[in-house]
Amino acid sequence: MLMNRFETAVVNSPPRRALQRFYETPTLLRLGGMLAPGARVLEVGCGPGYGTELILTRFGADRVDAIDLDPAMVDRARRRLARFGDRVRLAAGDVTDLQAGLDAADAGYDAVFDFAIIHHVEDWRDALAEIARVLRPGGRFYFDQVTALALATRSYRWLTDHPTHDRFTGEGFVAELERQGLQVGTRWATRIRGHYLLGVADRPLTNGDAR
Ligand SMILES: C[S@@+](CC[C@H](N)C(=O)[O-])C[C@H]1O[C@@H](n2cnc3c(N)ncnc32)[C@H](O)[C@@H]1O
C-alpha cells in the first residue's frame with residue numbers, strides 16, 4: 001500500500017539516506033557480502049532510488065531493475081539515477097506481480113534487495129513467493145524490514161499507514177522465506193527488541209543447476 005504524506009517525507013529525507021548508507025548497507029554487507037562481478041539485481045520498493053544507488057556503488061551491481069508502487073517515487077528515482085544510464089531500469093508496479101511491472105522472468109536475477117518495503121504489502125507472503133521465483137539458483141535476497149512489533153507502537157500507529165492483518169515478526173518473516181525454499185540459517189538479526197530485521201537468504205543450487 002502507498003505511504004501517507006508523513007512517511008513519504010521521512011523516506012525522502014537526509015536522515016533516511018544516512019541510516020541506509022551508514023547502518024543498513026554495512027550490516028547487509030557483513031551478513032551477505034558484495035555481489036559477484038556482472039551481477040544483475042532487482043530492487044523492490046525502491047522509493048526515491050537512494051538504495052538503488054547504494055546497490056550499484058557499494059554492493060557492486062552491474063545492472064539494477066527497480067520497481068515501486070508509487071509513480072511519484074519512480075519519477076524521483078529516475079532523476080536521482082539518470083547518471084547511471086542504461087545500468088538502471090525503473091518501473092511503476094507491484095512486487096506481488098513482477099511479470100506485469102518488469103516482465104521479470106523466472107530465475108532472472110542474481111540478487112534481490114528489499115529496503116523496508118515488504119511490511120507495506122498486504123499479501124506479503126505472495127511478495128516473498130514472487131521474489132523467490134525471480135531469484136536464480138545460487139542467488140541472494142538481502143532484506144531490511146520493519147516488523148509487527150514496531151508497527152504496533154504508538155508512533156507508527158499514529159504517524160503511518162500499514163496493513164493491519166497478518167503482520168510478521170522477524171521469526172515469522174524468516175520462517176516464511178524458508179517455507180518458500182530460501183535458506184537463511186543464522187544470517188539474520190533483529191534490532192531494538194525485535195522491531196527491525198536485517199538478513200540475507202540464498203536460493204539453493206539443486207543437482208541439475210550449472211555452477
Ligand atoms: C518505507 S518505503 C521504503 C523506500 C526505500 N526502499 C527506502 O528504504 O527508503 C516503502 C516503499 O515501498 C513502496 N511500496 C509499497 N507497497 C508496494 C508494493 N506492493 N509493490 C512495490 N512497492 C511498494 C512504497 O511506495 C514506498 O516507496
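The values are calculated or read from the model by the stated rules, or taken from the named source; none is laboratory data. Not measured: the values here are computed from a predicted model. Positions of Cβ are generated from backbone atoms using ideal geometry, with glycine treated the same way; all protein chains shown enter the neighbour counts. All accessible areas refer to the heavy atoms of the entire protein, side chains included, with ligands and DNA or RNA removed. Shrake-Rupley method; radii C 1.70, N 1.55, O 1.52, S 1.80 Å.
With a 1.4 Å probe rolled over the protein heavy atoms of all chains, the accessible area of R193, R5, R40 falls in the order R5, R193, R40, largest first. Just how far, in whole angstrom, is segment 74-124 from segment 178-198 if you go by their alpha carbon centroids? Segment 178-198 and segment 74-124 have Cα centres separated by 22 Å.
Pop out the carbon and sulfur fraction of the accessible area of the chain as a percent, whole number, probe 1.4 Å.
Within the chain, the accessible surface is 52 percent carbon and sulfur.
Semi-axes of the equivalent ellipsoid for segment 5-202, computed as √(5λ) from the eigenvalues of its C-alpha gyration tensor and ordered from largest down, come to 23, 20, 17 Å.
Each peptide in 53-62, 6-15 receives the mean, over its residues, of other Cβ atoms within 10 Å, and ordering these scores from highest gives 53-62, 6-15. Per-residue SASA remark: I192, around 100 Å² accessible (1.4 Å probe; ligands, DNA and RNA not included). Annotation: per residue accessible area for the chain equals 47 Å², rounded to a whole number [probe 1.4 Å, protein chains only].
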